[in-house]
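Here is the structure we will look at.
The values are calculated or read from the model by the stated rules, or taken from the named source; none is laboratory data. None of the values given here were measured: they were computed from a predicted structure. Cβ coordinates were reconstructed from backbone atoms using ideal geometry, including for glycine residues, and neighbour counts include every protein chain displayed.
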Amino acid sequence: MYIRNTNDNVIKLFSYIEKLSDESKLKILIYIFNLINNNQINDRNEVNPDLLLNDDLKILKFSYIGLNDNYCEIIMQYLISVYNIMNKNNKVMYIESNVVGLVYTEEEKIIIYKFENLSFNDKLDIIRELFIRYDNETYFNKKITMVSFDSKLNGFDIANNILKFKESNYY
C-alpha cells in the first residue's frame, strides 16, 4: 500500500481488491466513484444526504479535494466506456448519475459489502489508495489506458488533499 498509518480493515480490504481480475477491479472503481458522485461517501453513511435537513454532514466531494465536481461524472463515463470495451457481453450505461446494467459477482459483492461497512475515515483511506494506484497505473494488472484526473494534480496530490479533508472539519 502507498498510504501509511491506516488500520487493518483498510489493509485487508485492499489486499482483497488487489487479488481481483482487472474487470472486477474496474467494477469496484466504478462503484466507489459512483458513490462519490452521488454524495454517498459521508460521515453518517446516508444513502441520500441531499434530502437531509441537517447540514452538519461531512461529504466527500471532488471540489473538496482540488478537482471540479463535474469531473467525477466525466471519469464515470470514461470508466463505463472502458468496461464496455473490456466486456462485450454485458453493456453498461451511465444515466443521470447512476450506473445501469452492472452485475456484480459474489466476490465483488463481498468487497462492496466490506467497503460499505467501513467507517467514513477508512473509506477515505481506501479512496486515497485508489487515486494513487489509478494515477500511477498500478491498480490494474494489465496496462489499461485511463484518463488522468487533472493536469496539475497527480494521485499523490489528490490523496494528500483527501487526507487534509479527512483531518479537517470542512463540510
Does Asn89 satisfy the criteria of being in contact (Cβ under 8 Å) with a residue 12 or more places away in the chain and more than 13 Å from the chain's Cα centre (by Cα)? no
Could you go through region 86-103 and let me know if any residue there is in a strand (DSSP E or B), more than 25 Å from Lys12 (Cα to Cα) and of a type in the set (Phe, Trp, Tyr). yes
Selection over region 4-39 where residues are of a type in the set (S, T, N, Q), over 15 Å from the mean Cα position of the chain (by Cα), part of a helix (DSSP H, G or I) and surrounded by 14 or more Cβ atoms within 10 Å (Cβ to Cβ) yields a count of 1
So, Asn160, is that one within 16 Å of the chain's Cα centre (by Cα), modelled with pLDDT of 90 or more, more than 25 Å from Lys19 (Cβ to Cβ) and not charged (D, E, K, R) or not? yes
Of the residues in region 138-163, how many are surrounded by 13 or more Cβ atoms within 10 Å (Cβ to Cβ) and of a type in the set (D, E, K, R)? 2
I'm told Tyr171 meets every condition in (1) modelled with pLDDT under 90; (2) over 17 Å from Ile28 (Cβ atoms); (3) within 16 Å of the chain's Cα centre (by Cα); (4) not polar (S, T, N, Q) except one. Can you identify the failing condition by its number? (3)
Among (1) closer than 15 Å to Tyr134 by Cβ; (2) out of contact with any Cys (no Cβ under 8 Å at 6 or more places or on another chain); (3) modelled with pLDDT of 90 or more, which single condition is Leu35 missing? (1)
Looking at region 64-86 only, could you name the residues that are over 16 Å from Leu35 (Cβ atoms) and free of Cβ contacts under 8 Å to residues at least 12 places away in the same chain? Asn68, Asn70, Ser81, Asn84, Ile85
Considering only residues of region 47-86 that are farther than 29 Å from Thr145 by Cβ and surrounded by 15 or more Cβ atoms within 10 Å (Cβ to Cβ), which is modelled with the lowest pLDDT? Pro49
